[in-house]
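Since the structure comes first, as structure tokens, the remarks are kept for the end.
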Amino acid sequence: MNNTTLLWELSEGIALLVINRPEVLNALNGQVLEALEAAFERIYTDPEVRGVILTGAGEKAFAAGADIAELSGLDALRGWEQARRGQRLFDRIERCPKPVVAAVNGYALGGGCELAMACHVRFAADTAQFGQPEVNLGLIPGYGGTQRLVRLVGRGRALELLLTGERISAERAYQIGLVNRVVPADRLLEEARAFLKTVLSKGPVAVRLLLEAVAAADLPLEAGLAREAELFGLAMATEDFREGTRAFMEKRKPVFRGR
Ligand code: CAA
């Protein structure tokens with residue numbers, strides 16, 4: 001699976017994906033997008049992969065955005081296609097049936113911030129910086145930034161970042177709800193791994209159904225609640241649910257089998 005622009009390491013069910021273009025601060029060019037598309041194809045289907053950590057190579061950047069050199073050559077139609085391609089990929093990450101953690105190790109700007117926002121949770125190194133600087137380029141975000149940022153931090157705070165293009169610290173990103181946790185840079189991967197291990201110790205079917213249910217939070221409330229009820233019913237048909245409730249009553253730890 002190793003491709004030089006995206007490194008892949010699988011250990012204890014956790015796939016560690018590392019965007020590997022540190023010389024350009026891990027800017028997301030066509031090759032990186034293609035490699036991420038292939039990686040998520042595998043993540044969706046490979047039962048050996050149970051969780052994912054996404055990070056950037058080097059100490060400076062998670063990803064400093066779409067590759068500006070590549071973008072600068074696009075016309076309107078190609079720009080639209082490019083945005084749709086990035087959006088499709090980021091949607092696929094957001095809808096991944098396995099938990100995906102962004103381990104933001106440095107700059108998460110433009111497409112890099114959008115990529116982090118497409119992950120289920122975000123852990124940031126205390127040295128990380130976030131922003132949507134597209135306005136400085138005479139551009140707007142194209143990989144979901146105008147939509148996911150509003151949903152994560154609220155319209156006013158999103159507009160403040162989008163309209164100024166300013167960079168904010170990991171601490172500020174935490175204050176506004178853009179990241180889940182800020183941790184010392186040298187503990188970032190360890191913390192992301194520990195979080196995933198906790199999640200993976202739960203009933204795998206319930207984890208999957210939770211991800212599915214929370215994805216429905218973008219629907220109108222009535223439709224989201226209907227989806228929740230369906231998935232709640234589905235959970236009850238599983239062996240894991242029977243085991244979980246039996247273990248509770250027998251005062252022991254459940255042994256989930258993912259069925
Ligand atoms: N695309 C292409 N190359 C990039 C890049 C990007 N997004 N970001 C950085 N690089 C390159 C630089 O050109 C530089 O290359 P050279 O050594 O060949 O000159 C190298 O990475 C190192 O960068 P700097 O010398 O600029 O490093 P710095 O520490 O002085 O500054 C920075 C760091 C503030 C992040 C600065 O690099 C920067 O502002 N980068 C651009 C950030 C940006 O505007 N991102 C948005 C892109 S558009 C987008 O993402 C649209 C979308 O929504 C899909």
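What number of residues within the stretch 142-152 are of a type outside the set (G, A, S) and crowded, with 19+ Cβ neighbours inside 10 Å? Adding up the residues that qualify gives 3. Quick check on my filter: what residues within the stretch 200-213 are open to solvent by less than 50 Å² (accessible area, probe 1.4 Å) and under 15 Å from the mean Cα position of the chain (by Cα)? Scanning the stretch 200-213 gives a single hit, L211. Given the structure, is E230 among the charged types (D, E, K, R), outside the structural domain of A102 (by TED's automatic domain parsing) and open to solvent by less than 90 Å² (accessible area, probe 1.4 Å)? Here the answer is no, as E230 does not meet what is asked.
Residues that are over 20 Å from E134 (Cα atoms), touching a residue at least 24 places away in the same chain (Cβ under 8 Å) and charged (D, E, K, R) were ranked within the stretch 161-186; the one that is surrounded by the most Cβ atoms within 10 Å (Cβ to Cβ) is R181. As a summary of the residue check, G65 satisfies the conditions (1) under 30 Å from L209 (Cβ atoms); (2) crowded, with 23+ Cβ neighbours inside 10 Å except for the one numbered (1).
Where residues in the stretch 157-183 are over 16 Å from A64 (Cα atoms) and within 14 Å of the ligand (Cβ to nearest atom), which of them is farthest from the chain's Cα centre (by Cα)? Ranking the candidates gives T164 first. Of all residues in the stretch 93-107, at least one satisfies being under 19 Å from A39 (Cα atoms), among the charged types (D, E, K, R), open to solvent by 10 Å² or more (accessible area, probe 1.4 Å) and more than 16 Å from the ligand (Cβ to nearest atom).
Under the condition of being open to solvent by 30 Å² or more (accessible area, probe 1.4 Å), of a type in the set (A, V, I, L, M, F, W, C) and within 13 Å of the ligand (Cβ to nearest atom), the residues counted in the stretch 68-88 number 5. Restricting attention to the stretch 107-153, which residues are basic (K, R) and closer than 15 Å to T55 by Cα? Matches in the stretch 107-153: R122 only. Does the stretch 117-126 contain any residue that is open to solvent by less than 10 Å² (accessible area, probe 1.4 Å), more than 15 Å from the ligand (Cβ to nearest atom) and aromatic (F, W, Y)? There is at least one residue in the stretch 117-126 that is open to solvent by less than 10 Å² (accessible area, probe 1.4 Å), more than 15 Å from the ligand (Cβ to nearest atom) and aromatic (F, W, Y).
The values are calculated or read from the model by the stated rules, or taken from the named source; none is laboratory data. Being a predicted model, the structure only gives us computed values, none of them experimental. No Cβ is skipped: glycine too gets one built from the backbone with ideal geometry, and neighbour counts run over all protein chains shown. Quick note on the areas: whole protein, heavy atoms, side chains included, nothing else; ligands and nucleic acids left out. Shrake-Rupley method; radii C 1.70, N 1.55, O 1.52, S 1.80 Å.
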